[in-house]
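What follows is a short report on a single structure.
Just so it is clear, none of the values below were taken in a lab; they were calculated from the coordinates. Just so you know, these numbers come straight off a predicted model, no measurement behind them. All Cβ positions, glycine included, derive from the backbone under ideal geometry; neighbour counts span all protein chains shown.
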Amino acid sequence: MKQVFKRPETLIKTTTHFCPGCHHGTVHRLVAEAIDRLGVREDTIGVAGVGCGVFLYDYLAVDVCEAPHGRAPAVATGIKRVNPEKIVFTYQGDGDLASIGMSEVVHTANRGENITVIFVNNSVYGMTGGQMAPTTLLGQQTTTSPRGRDFHYDGYPIRMAEMLATLEGVAFAARVAVDKPANLRKAKQAVNTAFEMQAKNMGFTFVELLSACPTNWYMTPLAALRRIEEEMIPYYPLGIFRQRKAADYL
Amino acid sequence: MPKVVIDEARCKACAFCASVCPKKLIELGGPINQLGYQPAFFSPDREGECTSCALCAEMCPDVLIEVFREEKAS
Ligand SMILES: Cc1ncc(C[n+]2csc(CCOP(=O)(O)OP(=O)(O)O)c2C)c(N)n1
Ligand code: SF4
Ligand code: SF4
Ligand code: SF4
């Protein structure tokens, strides 16, 4: 018998702390597969943000540095500048990246730092018990928007991939979803492309992955999958918003 | 060896695998594991229907499923 699906080598075989149906596990796997595919496990440095993805160092067999909340792109900038031959990526949630870390990611993208940002958008602060994030959908109930997000008070959900795609330093900006096999295939391609482009010194690469947090959506895992399709994708369209063709950072 | 091997001890019973199997070969409700969940299991008696498409494995957020395919005799 031939094995047609196996765990990537970079993904350590252990029990994760993630809740049932949490897509952090899926995103970890896609990153591990991209690292295996490029054969760069010994040459990759991850920078974890603060949130449920913070235990990246327990789950990926690469060196991982932990950054203060939101500061992962700044820390990754420093690591990449002194080790330009390493593959450097950040792994950040939407509370981390789009709220407290908004400034770091925008300026890092604008400087065209040759790093990859993996952005897990689950529309809520997961780790701290489900507060509203800048990405929380209108009407979504969270502990800090108990009557649902209202744009009069809270503004509108921010589309990070499109926003960053306007910046000249950005080589690749895409949004994908991990809710079903067809979308997962595209998600895998996008993560692979981002790491490959970094390996070719093409500039800042960004992948936003629409993901489920069943616990703080107060839903079963299967209902959370449906919510990605029915509520998230209509507001957060999938696609590649910017893709630089030739390397101009050499 | 079965075509689909599930690490039942680590399964959190999210049911993603069962929901995508086109042949409905995966069920939930196995004997309770150490994490406190009733895990998914593959029905060995219906193994012949499994196409080794690996959709179940792709969907498992905890990456607990291994899929094998019979090699064609050349
Ligand atoms: C400076 C600072 N402020 C606040 C916190 C508390 N805190 C921990 S995780 C988190 C939000 C995480 O949400 P997100 O980035 O969306 O990740 P998720 O848990 O949803 O994956 C916050 C506010 C902190 N650790 N440090
Ligand atoms: S709280 Fe949400 S993001 Fe955190 S592990 Fe649970 S499901 Fe995942
Ligand atoms: S490999 Fe395909 S057919 Fe076989 S159990 Fe998994 S999803 Fe079902
Ligand atoms: S997808 Fe994975 S964790 Fe979820 S029920 Fe199936 S084997 Fe268990």
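Can you tell me the dipole magnitude for chain B around its Cα centre, using point charges on the Cβ only (Lys, Arg +1; Asp, Glu -1), in Debye to the nearest 20?
So the magnitude is around 140 debye.
Give the whole-number value, in cubic angstrom per residue, of the convex hull volume spanned by the C-alpha atoms of segment B:4-67.
Taking only Cα atoms, segment B:4-67 has a hull volume of 67 Å³ per residue.
Would you please give the residues with an amide H less than 5 Å from that of A:ALA133, counting only those at least 5 places away or on a separate chain, with H modeled from the backbone geometry?
Result for A:ALA133 returns A:TYR125.
Taking the Cβ-Cβ separation of A:THR143 and A:LEU222 as r and a Förster radius of 25 Å, what is the calculated FRET efficiency to the nearest 0.05? Mind dumping the intermediate values first?
On the way: r = 23 Å, r/R0 = 0.94.
With R0 = 25 Å, the Cβ-Cβ based efficiency is 0.60.
Quick one: which of A:LYS2/A:LYS180; A:LYS186/B:LYS23; A:LYS13/A:LYS80; B:LYS12/B:LYS72 span more than 30 angstrom between C-alpha atoms?
B:LYS12/B:LYS72
Under a Cβ-only charge scheme (Lys and Arg +1, Asp and Glu -1), can you give me the dipole magnitude of the protein assembly as shown about the Cα centre, in debye to the nearest 20?
On the way: 34 positive and 35 negative charges, 99 e Å.
So the dipole magnitude of the protein assembly as shown works out to roughly 480 debye.
Could you calculate the FRET efficiency of A:ALA199 with A:PHE55 from 1/(1 + (r/R0)^6), where r is the beta carbon distance between them and R0 is 30 Å, rounded to 0.05?
That gives a FRET efficiency of 0.70.
Could you tell me the ratio Rg/Rh of segment A:124-245? Both radii from Cα atoms, Rh via Kirkwood.
1.01
Specify which residue in the list A:GLY101, A:GLY70, A:ILE87 is farthest towards the positive end of the charge dipole of segment A:24-243, using unit charges on the beta carbon of Lys, Arg (+1) and Asp, Glu (-1), about the Cα centre.
Value: A:ILE87.
Within segment A:142-224, what percent of beta bridges assigned by DSSP are antiparallel, to the nearest 5?
10
Roughly how many nanometres apart are two label points built 7 Å out from the Cα toward the Cβ at A:GLU162 and A:SER103?
So the label points at A:GLU162 and A:SER103 sit 2.6 nm apart.
By Kyte-Doolittle mean hydropathy of at least -1.0 and Cα axial length of at least 24 Å, which whole DSSP H helices of chain A are selected?
Both cut-offs are met by A:181-199.
What ratio of Cα Rg to 2.2 N^0.38 Å holds for the protein assembly as shown? Intermediate results must be reported in sequence, preceding the final value.
Numbers: Rg = 19.6 Å, N = 324, 2.2 N^0.38 = 19.8 Å.
Normalised by 2.2 N^0.38 Å, the Cα Rg of the protein assembly as shown equals 0.99.
At a Förster radius of 51 Å, what calculated FRET efficiency corresponds to the Cβ-Cβ distance of A:ASN83 and A:ARG185, to the nearest 0.05? Kindly include the intermediate steps, with their values, before the conclusion.
Details: r = 32 Å, r/R0 = 0.63.
Once rounded, the FRET efficiency stands at 0.95.
Between A:ALA174, A:ALA48, A:ALA224, which gets the highest mean-square fluctuation from a Gaussian network model of chain A, Cα cutoff 10 Å?
Its mean-square fluctuation being the largest, the pick is A:ALA224.
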